[in-house]
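K.L.:
My questions all concern the structure below.
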Amino acid sequence: MDITLRVNGTTRTGSPEARKTLADFLRDDLNLTGTHVGCEHGVCGACTVVLDGRPVRSCLILAVQAAGSEVTTIEGLAPDGVLGTLQQAMWDSHSFQCGFCTPGFVMQATTFLRAHPDADEQQIRAALSGNICRCTGYQSIIDGVLLAAERARLG
Amino acid sequence: MKLPPFGYEAPKTTSEAVELLAEYLDQASVLAGGKSLVPLLALRLARPAVLIDINGIRELSGVSVTDGQAVIGAMTREYAAEESHAVADTVPLLAAALPLIGHEAIRSRGTIGGSLAHADPAAELPAVARALDAEFVVRGQSGERVIPAAEWFEGYLTTSRRPDELLVQVRFPTAQPGTGVSFQEVARRQGDFAIVGLAVSLSLSDGAISDARLAFAGMSDVPVRATEAEDLLAGERPSAELFDEAARRATEGIDPPADLHGSSEYRKKVGAATVRRGLRAAADNAQERQ
Ligand SMILES: Cc1cc2nc3c(=O)[nH]c(=O)nc-3n(C[C@H](O)[C@H](O)[C@H](O)COP(=O)(O)OP(=O)(O)OC[C@H]3O[C@@H](n4cnc5c(N)ncnc54)[C@H](O)[C@@H]3O)c2cc1C
Ligand code: FES
Ligand code: FES
C-alpha cells in the first residue's frame, strides 16, 4: 500500500506490506535505525516514538496506519547533532549503559516533560514505568530526567 | 516476532465496516487500538485472514451525555476518555480506572471499545462496566442490539458479540449526587494487569448507603459482582465493622484462579483487603461529592 507521512519534519513515502509495523518501516524502509525493536509485542518500550504529539509503541502500529501522520523519532531530537536539554542531562548523569533502551526512554521522557515540566520524581517514575532497561537499575535514568527538568526550569 | 500476513481493509464508515464483517465473519478481526490484537498476532495466538481497521471511522469516537447516560463511542481512545471532563463529571468510576490501564504510550492508542470487546478478566474497564451495569450497543447488517453488561461477558476473552457485529458504543449511567467511587488494584508493577482489581460505587443518602456496587477483576474468567456484600451494605450506615463484614461476604463464596502471580488463597485475601479499602475510599469520596 502506498503511504505518505511526515517523519522528523520531512515528507516521506513508501509502500509497506500491511503487516509491516511502523517500527520496521522506520528502520528498514527509511533507514532510521535509532528506533530500537526489543520485544515486538508492546511490553518493553524500546520502540517508542511520538505520533501526532503522543508517545506510542511503534511495534504495535502498522506502518499503513501512520499514513498522513506526523512521526518524531530519536533522530528528530538532535537534527544538527546538537543534543537537546534532556539528552545532555542524561549524558551528564551517565543515564545509560548499553543503549538499547535509550531511544524509547528518551522519546517517552521528552513528551512527558513537555506536558509536565514541573513533574516530581514519583511522577517521572510513573511516566517511565512502561520502559524496560536491563542494565542500569533505572536510578541513573531518573536522575537524568530530574536534572533535565531542573535545567529547563532554570532556563 | 514479525506479524503474519493478513488482508487489510480500512472502512471509513460504520456501515462499510459492518458490510465487511458480514462478508468475512470469523475470518476477520476488528483492529481498534491494536494494543491487545497486535501482540496476539505477533505471538501467533490469533491468525485472522483479514484485519478490519476501524481507526478511520470518525463517527465511532467521542463522548456525549444525554438522559442520564454517558455514551462513549467504541473507538474513543483511553487517553481521550481520561482527559474528558464529561467522563470525569458523569462517570467518575471510569475516570478513576482509566489511569491504571498500562502506560501512557498504551493509552494513547488503546480504545474503550477495544478493551471491552477484548474482555480480559483482569482488565479494569470490564469491572467498571459490570459494576455500573453499562449497556453495549452492537451493530450488524440487520440493525442494532443493546446488550446489558451482565450478558456481555461470557467467558475468558469472550463476549456475546456475534462475528458479524461491530461494537459501536458503550453507555454508562451517570453518577447520582452523593455517589462516591474508588478503583482499587493490586499489581506487581505499575501498569501491569491487576492481580486483583475492584471497582466500587457507593451512593449515600441521609448518611445511609442507598446503592452499593462492587465488581472484581482478576477473580474469575469474567468480571464478577460481589452481590452478597452489596445486599449487606444496602440501607446501612458506613462503618469499619460493616466494611469488614462486607469484605468477608464478598470473598467467601468465590474460588479465584491460581497462576504465577498469586495462589487462589492469596487472591481471596487481597480481594478482601481491596473491599475494605475500596469501601472506605468510596465512602469518603461520596461525602466530598455531596
Ligand atoms: C504493555 C501493555 C500493557 C497493558 N496493560 C493493560 C492494563 O493494565 N489493563 C488493561 O485493561 N489493558 C492493558 N493493556 C491492553 C490495552 O488496554 C488495550 O488497549 C485494550 O485491551 C484493547 O484495546 P485496543 O483498542 O487496543 O483493542 P485492539 O487490540 O485493537 O482489539 C482488541 C480485541 O477487541 C476486538 N475489537 C476491538 N474493537 C472492537 C469493536 N469496536 N467491535 C468489535 N470488536 C472489537 C478486536 O478484534 C480484538 O479482538 C495493555 C497492553 C499493553 C501492550
Ligand atoms: S519493541 Fe515495541 S514495546 Fe518492545
Ligand atoms: S542501558 Fe542497556 S538496556 Fe538500558
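K.L.:
Given Cα positions, please report Rg to Rh for the stretch B:1-115, the hydrodynamic radius being the Kirkwood one.
P.N.:
1.01
K.L.:
In whole Å, what are the Cα extents of the stretch B:7-53 along the three principal axes, biggest one first?
P.N.:
31, 19, 13
K.L.:
For the stretch A:85-154, which whole-number percentage of the solvent-accessible area (1.4 Å probe, protein heavy atoms only) is attributable to carbon and sulfur atoms?
P.N.:
Whole-percent figure for carbon plus sulfur exposure: 53.
K.L.:
A follow-up question, please. Which whole-number value in Å² is the accessible area per residue of the stretch A:85-154, probe 1.4 Å?
P.N.:
51 Å²
K.L.:
How big is the stretch B:181-255 by Rg and Dmax over its Cα atoms, in Å?
P.N.:
Every Cα atom of the stretch B:181-255 included, Rg and Dmax give 13.0, 40 Å.
K.L.:
If one puts a single equal scatterer on every Cα of the stretch A:85-154 and applies the Debye formula without solvent, what log₁₀ I(q)/I(0) results at q = 0.18, 0.20, 0.27 Å⁻¹?
P.N.:
Scattering profile of the stretch A:85-154, log10 relative to I(0): -0.56, -0.71, -1.37.
K.L.:
For a quick check: with amide H placed at 1.01 Å from N, whose amide H comes under 5 Å from B:Y8's, ignoring anything fewer than 5 positions away on the same chain?
P.N.:
B:L51
K.L.:
Right, next: Using Cα atoms only, what is the angle between the long axis of helix B:240-252 and the major principal axis of chain B, expressed in degrees (0 to 90) to the nearest 10?
P.N.:
50 degrees
K.L.:
While we're here: Going by accessible area, probe 1.4 Å, with all protein chains left in place, what is the ranking of A:M1, A:M90, largest first?
P.N.:
The most accessible residue leads, giving A:M1, A:M90.
K.L.:
Follow-up question, since we're still on this one. How are the C-alpha pair distances of chain A spread across 10 Å bins, as whole percents from the shortest bin up?
P.N.:
Percent of Cα pairs in each bin: 11, 42, 33, 13, 1.
K.L.:
So, one more: Residue by residue through the stretch B:276-282, which ³J(HN,Hα) values in whole Hz follow from phi under the Karplus form 6.51 cos²θ - 1.76 cosθ + 1.60 (θ = phi - 60°), with glycine and proline marked x?
P.N.:
In residue order, the calculated couplings are 4, 5, x, 5, 4, 5, 5 Hz.
K.L.:
Once a ≥ b ≥ c are taken as the square roots of the eigenvalues of the Cα gyration tensor of the protein assembly as shown, is the result rounded (a/c under 1.5), prolate (a/b larger than b/c) or oblate (a/b not larger than b/c)?
P.N.:
oblate
K.L.:
So, for the stretch A:3-76, what is the accessible surface per residue at a probe of 1.4 Å, expressed in square angstrom?
P.N.:
34 Å²
K.L.:
Stretch B:D231-B:A88 to full length: gain in nm at 0.36 nm per residue minus the Cα-Cα span?
P.N.:
Extending this stretch completely gives an extra 48.7 nm.
K.L.:
Additional query: When the accessible area of the stretch B:1-70 is computed with all protein chains present and a 1.4 Å probe, what percentage of it is carbon and sulfur?
P.N.:
On the stretch B:1-70, the fraction of accessible area on carbon and sulfur atoms equals 49 percent.
K.L.:
For the stretch A:3-76, what value does the Rg/Rh ratio take when both radii are computed over Cα atoms and Rh is the Kirkwood radius, given to two decimals?
P.N.:
That ratio is 0.91, to two decimals.
K.L.:
Still on this structure, please answer the following. Which whole number in µm²/s is D for chain B by Stokes-Einstein, with the Kirkwood Rh taken over Cα pairs at 20 °C and 1.002 mPa s?
P.N.:
For the chosen part, D equals 110 µm²/s.
K.L.:
For the stretch B:62-173, evaluate the Debye formula with one uniform point scatterer on each Cα (no solvent term) and list log10 I(q)/I(0) at q = 0.17, 0.19 Å⁻¹, rounded to two decimals.
P.N.:
For the stretch B:62-173 at q = 0.17, 0.19 Å⁻¹, log10 I(q)/I(0) is -0.75, -0.94.
K.L.:
So if the hydrodynamic radius of the stretch B:240-290 is defined as the Kirkwood radius over C-alpha pairs, what does Stokes-Einstein give as its diffusion coefficient at 25 °C and 0.890 mPa s, in µm² per second?
P.N.:
207 µm²/s
K.L.:
Can I ask one more? Please build a GNM for chain A, connecting alpha carbons under 10 Å apart, and tell me which residue among A:A109, A:A127, A:A63 fluctuates the most.
P.N.:
A:A127
K.L.:
GNM on chain A, C-alpha springs below 10 Å: top fluctuator among A:V37, A:V82, A:V71?
P.N.:
So, out of A:V37, A:V82, A:V71, the one fluctuating most is A:V82.
K.L.:
Checking an interface number: how much accessible area is buried between B and A, summed over both chains, with a 1.4 Å probe, in Å² rounded to 100?
P.N.:
2200 Å²
The values are calculated or read from the model by the stated rules, or taken from the named source; none is laboratory data. Quantities reported herein were computed from a predicted structural model and do not represent experimental measurements. Please note that ligands, DNA and RNA were not included when accessible areas were found on the heavy atoms of the full protein model with its side chains. Shrake-Rupley method; radii C 1.70, N 1.55, O 1.52, S 1.80 Å.
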